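Shown next, in structure tokens, is the structure this report addresses.
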Amino acid sequence: MLAKAVCQSTSMLNDIPLSRASPLPHWFWVFFRPVITQSEMGIFFAALAGHTRPSLSLVSHASMLRVLIALALTCLLQPAFADERAQTQQQLDATRQDIAELKKLLGKLQEEKSGVQKDLKGTETEMGKLEKQVDALQKELKKSESELQRLDGEKKKLQSARIEQQRLIAIQARAAYQNGRQEYLKLLLNQQNPEKFARTLTYYDYLSQARLEQLKNFNETLRQLANVEKDISMQQAQLLVQKSSLDSQRDELDKVRQERQKVLAKLNDDVKARDQKLATREQDQADLSKVLKTIEETLARQAREAEEARQKALIAQQEAEKKRLREAQAQADATTDAPRKPAKSTPGALVSSSGETFGGAFASARGKLPWPVDGRLLARFGESRGDDARTKWDGVMISASAGSQVHAVHGGRVVFADWLRGAGLLVILDHGNGFLSLYGHNQTLLKSAGDVVKAGESISTVGNSGGQDTPALYFAIRQQGHPSDPAQWCHAQG
């Protein structure tokens with residue numbers, strides 16, 4: 001039996017390629033075929049096949065020793081591969097567990113993100129209300145200051161009238177003093193002509209009434225002056241209260257703004273950190289999976305399969321390199337042939353809200369409407385949004401200073417005035433016949449749903465709500481539910 005196995009093994013060795021020496025791996029043939037003869041190889045295969053004791057007379061002691069060494073090395077190396085595979089499998093399981101935990105944390109983060117979005121909505125809505133209250137208080141302060149100036153002018157007039165009345169009363173008092181006491185009795189006794197006496201009495205009555213009237217006017221002037229001074233004191237006290245209230249409102253607004261900045265910063269940092277950590281873990285899992293697959297292929301496949309896998313990997317690498325070169329060439333050609341987009345560094349066109357408003361139907365207003373705010377275009381209708389060419393702008397973005405008045409481009413009715421995710425504080429006007437105009441990322445909403453506004457009337461103020469970094473106004477026009485280019489409806493920009 002053994003001799004037959006040896007003969008069969010030795011006759012097959014010349015016909016079997018290096019990669020088909022089953023069941024031994026490729027490394028065995030690389031190291032041991034040069035030092036093991038065909039007869040020794042036959043004994044080796046017979047031992048692997050489970051034949052009983054081989055005859056030592058067929059081979060020398062040195063040959064047998066080499067065969068035993070090969071068998072021992074095979075027995076030692078196969079457990080080493082198995083241990084490495086087990087360790088890699090443990091690392092892969094641990095990485096998969098970490099990824100599962102990270103995905104669970106990411107789910108919680110998404111829930112927390114939704115909560116933060118709600119908080120952001122409440123914060124920016126509160127900011128709009130506070131800005132509106134601050135604006136109202138400033139108007140009240142201006143009214144109070146104007147009223148105070150008016151009262152101060154009236155006080156000065158009354159003081160001038162009082163001084164003049166005092167002067168006249170002093171003149172009359174001096175004349176009465178010079179005439180002495182009992183001037184009426186003196187006039188009566190000094191007159192000899194009855195007609196002259198009657199006229200003198202009449203003149204005296206006129207003078208007495210004039211004195212009384214002057215005294216009465218003087219007292220009335222003093223009373224009005226006291227009332228004006230009282231009103232001035234009350235107005236000054238009210239002005240101080242309003243200024244104190246305004247300072248409190250401004251302090252509260254600053255706190256709300258700081259809270260909003262902290263919320264946005266925390267949201268961005270958390271999402272970025274978790275995404276990076278998850279990406280790292282997924283990459284670790286992919287790397288460990290590759291290592292484990294390589295080990296499993298090393299243990300399971302024969303030398304020929306390993307060689308075929310290497311050839312396939314080489315071909316795949318060559319194909320990938322060819323594909324990369326083709327894509328690079330195509331991209332270079334596209335870059336050369338395609339029209340270049342205007343550089344983003346160039347400033348956008350200036351737009352203006354000044355000019356006459358259009359009073360006709362909105363459908364006839366094409367090219368006749370003013371822009372809603374003075375500023376510069378940051379994004380035009382139909383341009384790509386950021387680096388993603390699949391998303392386009394369905395309106396325009398106009399850069400303007402925070403707090404600038406936003407005007408209705410045409411008369412209509414407010415159908416929406418609230419915070420909306422992605423648009424911040426948003427106002428939507430219905431102009432009839434399926435035409436709508438949208439104004440987003442506001443700081444303050446000056447109108448409410450249901451209000452009717454005229455063309456050119458202020459409806460909001462420019463801000464950066466909705467997560468924007470800089471103040472700008474999102475302006476869009478909808479025609480029967482479809483976006484329409486605002487530049488076709490508004491005056492040509494400068």
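Testing Asp152 on (1) closer than 30 Å to Leu420 by Cβ; (2) at pLDDT 80 or above; (3) not small (Gly, Ala, Ser), one condition comes back false. Which one is that?
All conditions pass for Asp152, except number (1).
Out of the residues in the stretch 345-366 that are touching a residue at least 60 places away in the same chain (Cβ under 8 Å) and not in a loop (DSSP other than H, G, I, E, B), which is most open to solvent (accessible area, probe 1.4 Å)?
Filtering first and then ranking leaves Leu350.
Would you confirm, using the coordinates I've provided, whether Gly367 is of a type in the set (Gly, Ala, Ser), out of contact with any strand residue (DSSP E or B) (no Cβ under 7 Å at 6 or more places or on another chain) and farther than 17 Å from Cys490 by Cβ?
no
Hey, can you tell me all the residues within the stretch 95-105 that are among the hydrophobic types (A, V, I, L, M, F, W, C) and closer than 14 Å to Thr280 by Cα?
Across the stretch 95-105, the qualifying residues are Ile99, Ala100, Leu102.
Does the stretch 391-399 contain any residue that is modelled with pLDDT of 90 or more, farther than 26 Å from Phe435 by Cβ and assigned to a loop (DSSP other than H, G, I, E, B)?
no
Which of (1) at pLDDT 95 or above; (2) closer than 14 Å to Pro372 by Cβ is the odd one out, the single condition Arg413 does not satisfy?
(2)
Is it the case that Leu436 is over 20 Å from Gly481 (Cα atoms), open to solvent by 30 Å² or more (accessible area, probe 1.4 Å) and at pLDDT 95 or above? Outline the logic, then answer.
Values: over 20 Å from Gly481 (Cα atoms): no; open to solvent by 30 Å² or more (accessible area, probe 1.4 Å): yes; at pLDDT 95 or above: yes.
Spelling it out, it is not the case that Leu436 is over 20 Å from Gly481 (Cα atoms), open to solvent by 30 Å² or more (accessible area, probe 1.4 Å) and at pLDDT 95 or above.
Filter the stretch 379-425 down to residues that are of a type in the set (Val, Ile, Thr) and open to solvent by 40 Å² or more (accessible area, probe 1.4 Å) and give me whichever is farthest from Val452 (Cα to Cα).
Here the residue is Thr391.
Applying the selection to the stretch 394-433, what residues are among the charged types (D, E, K, R) and closer than 17 Å to Pro483 by Cβ? Reasoning before the result, please.
The first filter runs over the stretch 394-433 and keeps only residues among the charged types (D, E, K, R), leaving 394, 413, 418, 421, 430.
The answer is Asp394, Asp430.
Could you please tell me which pairs satisfy a Cβ distance under 9 Å, a separation of 6+ or placement on different chains, a first residue in the stretch 295-314 that is open to solvent by 60 Å² or more (accessible area, probe 1.4 Å), and a second residue that is of a type outside the set (Phe, Trp, Tyr) and at pLDDT 75 or above?
Arg301/Glu308; Arg301/Ala309
Going through the stretch 222-263 one residue at a time, which ones are open to solvent by 80 Å² or more (accessible area, probe 1.4 Å) and over 37 Å from the mean Cα position of the chain (by Cα)?
Arg223, Lys230, Met234, Gln236, Gln238, Leu240
Tell me, please, whether a residue that is open to solvent by 80 Å² or more (accessible area, probe 1.4 Å), in a helix (DSSP H, G or I), polar (S, T, N, Q) and without any contact (Cβ under 8 Å) to a residue 12 or more places away in the chain can be found in the stretch 111-132.
No, there is no match, as no residue in the stretch 111-132 is open to solvent by 80 Å² or more (accessible area, probe 1.4 Å), in a helix (DSSP H, G or I), polar (S, T, N, Q) and without any contact (Cβ under 8 Å) to a residue 12 or more places away in the chain.
Hey, does the stretch 470-492 have a residue that's under 24 Å from Ala349 (Cα atoms), among the charged types (D, E, K, R) and touching a residue at least 24 places away in the same chain (Cβ under 8 Å)?
yes
Got at least one residue in the stretch 367-376 being in contact with a Gly (Cβ under 8 Å, 6 or more places away or on another chain), free of Cβ contacts under 8 Å to residues at least 40 places away in the same chain and open to solvent by 10 Å² or more (accessible area, probe 1.4 Å)?
Within the stretch 367-376, one or more residues are in contact with a Gly (Cβ under 8 Å, 6 or more places away or on another chain), free of Cβ contacts under 8 Å to residues at least 40 places away in the same chain and open to solvent by 10 Å² or more (accessible area, probe 1.4 Å).
Please go through (1) in contact (Cβ under 8 Å) with a residue 40 or more places away in the chain; (2) part of a loop (DSSP other than H, G, I, E, B); (3) of a type outside the set (S, T, N, Q) for Val406 and return the number of the only condition it doesn't satisfy.
Every listed condition holds for Val406 apart from (2).
Table: residues versus (1) at pLDDT below 95; (2) open to solvent by 40 Å² or more (accessible area, probe 1.4 Å); (3) out of contact with any Gly (no Cβ under 8 Å at 6 or more places or on another chain); (4) within 19 Å of Gly367 (Cβ to Cβ).
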| residue | (1), (2), (3), (4) |
| --- | --- |
| Lys447 | no, yes, yes, no |
| Val453 | no, no, no, no |
| Ser458 | no, no, yes, no |
| Thr461 | no, no, no, no |
| Ser465 | yes, no, no, no |
| Pro471 | no, yes, no, no |
| Tyr474 | no, no, no, no |
| His482 | yes, yes, yes, yes |
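The values are calculated or read from the model by the stated rules, or taken from the named source; none is laboratory data. Model, not experiment: these values are computed from the prediction. Neighbour counts are summed over all protein chains in view; Cβ atoms, including those assigned to glycine, are modelled from backbone coordinates with ideal geometry. In case anyone asks, the SASA skips ligands and DNA or RNA and just uses the protein heavy atoms, side chains included. Shrake-Rupley method; radii C 1.70, N 1.55, O 1.52, S 1.80 Å.
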